[in-house]
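Structure first, commentary second.
None of the figures in this text is laboratory data; all of them are computed from the coordinates on show. Treat the numbers as computed from the prediction; the structure is a model and nothing was measured. Ideal geometry is used to build each Cβ from the backbone, glycine not excepted, and the neighbour counts take in all protein chains shown.
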Amino acid sequence: MMATQPLLLFVGVAVGIGWTEVGATLGQCDQVPQALSTVQTACDVATLSDLHSSAFEDNGNADNSTLCTPTCTTALATLVLHSTDCTSSELNGHVGTDSARVELNETRLAQQACFPPSEKCATLLEELVAFENSTTGVTCRAFIEEFSDGSKPTAIAQAENEVWCKGACGGNLSQHLIALENAECSSWEAFRARKARYDPVCARGQSTGSDAGLRPYCGAVFSEDRFRQQLRTLAAHADETVPGTVAEDEAALASICTPCFHEFIRLTYRYGTSAADPSQISRLAEYESLCVRDGARFCFPRFHNQTRETAAGGRVAYTRALCDPAFMGRCAARMQVRVALANTSSSTVAAAAVVEAETMCAANSGGALCADAMSAVIGGFDATANTAFNTSRQRTYAGPADGKCSQVLSERHTCTFGCQTSFADNRDGAGCCYATTQASLTSLGYIGVAEAFGTAAMLGQSCNRPADSECVLVDLTNGVTATLVVAVPIRVLVSPSVEFTTALSADLQRAVGTTAGGVRVQSIRKRTRTSSLVQFTVYGASRTAAIAMVAQLDADVAANRVAFLETTRVYNAECHHRDGSGCGVQHNLLGMP
């Protein structure tokens, strides 16, 4: 049996791969008291408020301060992670203050200012902090908190957001951040954390439907605090902690998954993540996966629903449910691709997810789902032991149903004409699914694959009727061309670095919802100084399938749902490592390049 390892996003099913609940990498609110106790010990303070006060006394710039020690840094980062799972009232209750999240976030900002890369950077940050703590700056910071509950009417919120961005708040903060970037401070966590905090406030979304063409300010549309309870409810529904329905979850996701939500993910991933902070990367990747769509379907609740409903039914029931064209569309493949990308550190788990994405919904030339086409040959799957046959029947296939091969099987006689004819019908009914199913079950680590296929293999040899070749899963002769804008310079995308090519491949797989074999980059051209046009070919099991995949991609692009997470993260890490040289124009508060 394949070893089950934690995967992001998905609930458990006893076939093929083991899933964990959503939220495991987002933090756990009930762990906040223990995390807080660790902070108190590691940072040598009695309360979070004491640490917050001390941080602002020295602006977090004293290299030898307790705040900057590795143990305090690790402890505070863990507390921040677990706090993401708490509502504001819950966090206040655990910490014992009325403004726990504000104090926690500000303390973390001060901590990220430890060890400035130069004296100039330290001076410029002191000037920025001085503005943040001025009367105007306090008002600017309060504005962000005020929008967290979404209580203000939309028109008022948008008007105030515009004033914030175009007035003293946005203008002053933008000038300070630009000064830090020009002084080559962009590799500093203090700079990156503030970009991740302030840029989403003035990012512009894109409305759809009757409001198409409008570009609302995102500060008034999305914040984690506003949707924190809904995100927790979705996680609880996914792992059945709390009962829920697909309709309820899709209604919640419709309010969460706005263009501003995706802007938040893009900007936070760009500035707020690093290789040293895998928990933050995992959190944002999970957020992105919550909003995956196939047509009008939200894939996340449908995938979980079908998985739960068939958990006791075995492999065939599971496959039928996940490949239901009306209910699921291509949701199964789109979600499985994300499992693979989220588990690159576990080659076994990632490989299994790739196999599932490529083969689960395979069909033969007659259009029959392989799970159905093969049911007469191997009869079913054990629901608990990951065996490729039903343990109560051992070999479920005893030859053609008409019994014309029974003597051949029982007495090992030479294949008769009647047996050959009947067995050929079985072979034709399975078609390419026989070899595809055998290969996929073997790759997934199912037990007893050889035994389950043993009878058919013996008849095939005796009757000189081998199985058909595996199904065409990726037809490389019938691809469809697509083009995407990637917000990184062309010099990065044409780099021979494996890290960059891997990142681009991952982003294309996520965008299209296919594995690496289904996308091939054809050309990369310069668009602007800081963006490129990537032309690539999409392949499916047929040209019709590829056309449908590109159509879904176009719809996602039009709705601002495509986020090139890995490419922009790796690019920023590379250029910041070089002290900002080559980074080019970044997304500043008052506009996008």
Once you list every other residue whose beta carbon is under 14 Å from the beta carbon of Thr47, what net charge do they have if Lys and Arg are +1 and Asp and Glu are -1? -4
For a quick check of your reading of the filter: which trypsin sites (Lys or Arg not before Pro) in the stretch 504-577 sit in a DSSP loop and have no more than 11 other Cβ atoms within 10 Å? Arg529
Amide H partners (placed H, <5 Å) of Arg293, local residues excluded: Cys299
Where in the stretch 505-521 does the amide nitrogen come within less than 20 Å of the point 7 Å from the Cα of Thr481, taken along Cα to Cβ? 508-509, 512, 518-521
Could you derive backbone 3J(HN,Hα) for the stretch 412-429 from the dihedral phi with the Karplus parameters 6.51, -1.76 and 1.60 (θ = phi - 60°), listing whole Hz in sequence and x where the residue is Gly or Pro? 6, 6, 5, 4, 8, 5, x, 5, 4, 5, 5, 5, 4, 5, 4, 4, 5, x
Under-5 Å amide H pairs with Ala363, H placed in peptide plane, nonlocal only: Cys370
Counting Lys and Arg as +1 and Asp and Glu as -1 over every other residue whose Cβ sits under 11 Å from the Cβ of Ser443, the net charge comes to -2
Just to check I understand the Karplus step: with θ = phi - 60° and J = 6.51 cos²θ - 1.76 cosθ + 1.60, what whole-Hz values come out for the stretch 459-473, glycine and proline as x? 5, x, 6, 5, 9, 6, 10, x, 5, 5, 5, 4, 4, 6, 8
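Of the peptides 286-292, 168-174, how do they stack up when ordered by the mean number of other Cβ atoms within 10 Å, highest first?
The densest-packed peptide leads the list: 286-292, 168-174.
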Cβ crowding within 10 Å averaged over residues, with 252-260, 46-54 ranked highest first: 252-260, 46-54
Quick one: 3J(HN,Hα) in Hz for the stretch 316-325, Karplus 6.51/-1.76/1.60 with θ = phi - 60°, rounded, Gly and Pro as x. 5, 4, 4, 5, 4, 5, 6, 10, 4, x
Show me the ranking of peptides 188-200, 425-437 by mean Cβ neighbours inside 10 Å, starting with the highest. 188-200, 425-437
